[in-house]
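The structure appears right after this line, and notes come after that.
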Amino acid sequence: MAGFGRTGRWFAVDHWDVVPDLLTMAKGLTSSYLPLGAVAMKPEIAHAFDERVYYGGLTYSAHPMSCAAAIAAVNVLRDDDLVGNAARLDPVMRSLQHELRTKHPSIGAVRNIGLFGIIELIRNRITREPMAPFNAGSPEMSALEARLRADGLYTMTHWNGLFTNPPLCITEEQLREGFAIIDAALEVTDSAVV
C-alpha cells in the first residue's frame, strides 16, 4: 500500500533514503488490474542465486498478461507524473485533515504522507477511547461508512480508522470535494463523543 507513488515517492522507503535488502510488492505493481507479485533484491543477494535455485515463489508471478499490466501501470505513473501529483497534494491533504481535527471532537489523530492518509476516530478526547475497538467494528463506524457512500464517497473504514487514500490522479479540487463530504459525514461520529 505504501509503494508505487502512493506516498509521493516511488516507494515509502525513499523518504528516508533506506535501501532495503528485499522489497516485496504486489497490488500497486499492476494498479490492481491483474494479480502480480514481485520481490526486488540487492544485486549481491540476487547473485547468490546465479548458480543455485531461488526457492521463493509467489502465487502470482510471471504471467505475461499481468507483466504487461505492470509495465503499462508503471508507464502511466511515470508519464502522467502521478508520483509527483501525490507529492504536490501532500500538504493539501495534511491541511484538510488538520482542519477537520480542529472542527470535529470525534477525531483523535490524523496523518498522511503523500496521498496515503488516515483519520482516527475516538469517543473521548481525554481517554482517547477508539470509536471502534481493536479488531472490531461499531454501529457508529458502520453508520459513518454508510453516510459516506450515500453522499458518493467510496473509501475504506477499518476499526476506528477512516482511510484517506484517493486515486493518484485526483485533482486538488476533487480532493477538497471529498474532504467536504467527510466533513459533513463526521456529524455521525461527533454525536457519539462523550
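When restricted to residues that are crowded, with 17+ Cβ neighbours inside 10 Å and touching a residue at least 60 places away in the same chain (Cβ under 8 Å), the stretch 3-29 contains 7. When each of 128, 123 is tested for being surrounded by 13 or more Cβ atoms within 10 Å (Cβ to Cβ) and of a type in the set (D, E, K, R), the lone residue that passes is 123. Any residue in the stretch 131-150 that is among the charged types (D, E, K, R), at pLDDT 95 or above, more than 23 Å from residue 32 (Cβ to Cβ) and surrounded by fewer than 18 Cβ atoms within 10 Å (Cβ to Cβ)? For the stretch 131-150, residues among the charged types (D, E, K, R), at pLDDT 95 or above, more than 23 Å from residue 32 (Cβ to Cβ) and surrounded by fewer than 18 Cβ atoms within 10 Å (Cβ to Cβ): absent.
Of the candidates 99, 140, 129, the single residue that is over 18 Å from residue 1 (Cα atoms), in contact with a Phe, Trp or Tyr (Cβ under 9 Å, 6 or more places away or on another chain) and among the acidic types (Asp, Glu) is 99. When the stretch 48-87 is filtered for residues that are among the aromatic types (Phe, Trp, Tyr) and within 21 Å of residue 34 (Cβ to Cβ), only 60 remains.
Among the residues of the stretch 86-94, not a single one is closer than 26 Å to residue 4 by Cβ, in contact with a strand residue (DSSP E or B) (Cβ under 7 Å, 6 or more places away or on another chain) and at pLDDT below 95.
Considered as a group, the residues in the stretch 32-77 that are hydroxyl-bearing (Ser, Thr, Tyr) and modelled with pLDDT of 90 or more include one that is surrounded by the fewest Cβ atoms within 10 Å (Cβ to Cβ), and that residue is 33. Picking from residues in the stretch 171-194 that are of a type in the set (Val, Ile, Thr) and either assigned to a helix (DSSP H, G or I) or touching a helix residue (DSSP H, G or I) at 6+ places or on another chain (Cβ under 7 Å) (or both), the one that is nearest to residue 146 (Cα to Cα) is 188. Hey, does the stretch 141-156 have a residue that's farther than 14 Å from residue 192 by Cβ, part of a loop (DSSP other than H, G, I, E, B) and in contact (Cβ under 8 Å) with a residue 40 or more places away in the chain? Checking the stretch 141-156: not a single residue is farther than 14 Å from residue 192 by Cβ, part of a loop (DSSP other than H, G, I, E, B) and in contact (Cβ under 8 Å) with a residue 40 or more places away in the chain. Do we find that residue 127 is part of a loop (DSSP other than H, G, I, E, B) and within 17 Å of the chain's Cα centre (by Cα) in this structure? Against the criterion (part of a loop (DSSP other than H, G, I, E, B) and within 17 Å of the chain's Cα centre (by Cα)), residue 127 does not qualify.
The values are calculated or read from the model by the stated rules, or taken from the named source; none is laboratory data. Note that the structure is a prediction, hence the values are computed from the model and not measured. We place every Cβ from the backbone using ideal geometry, glycine too, and count neighbours over all the protein chains shown.
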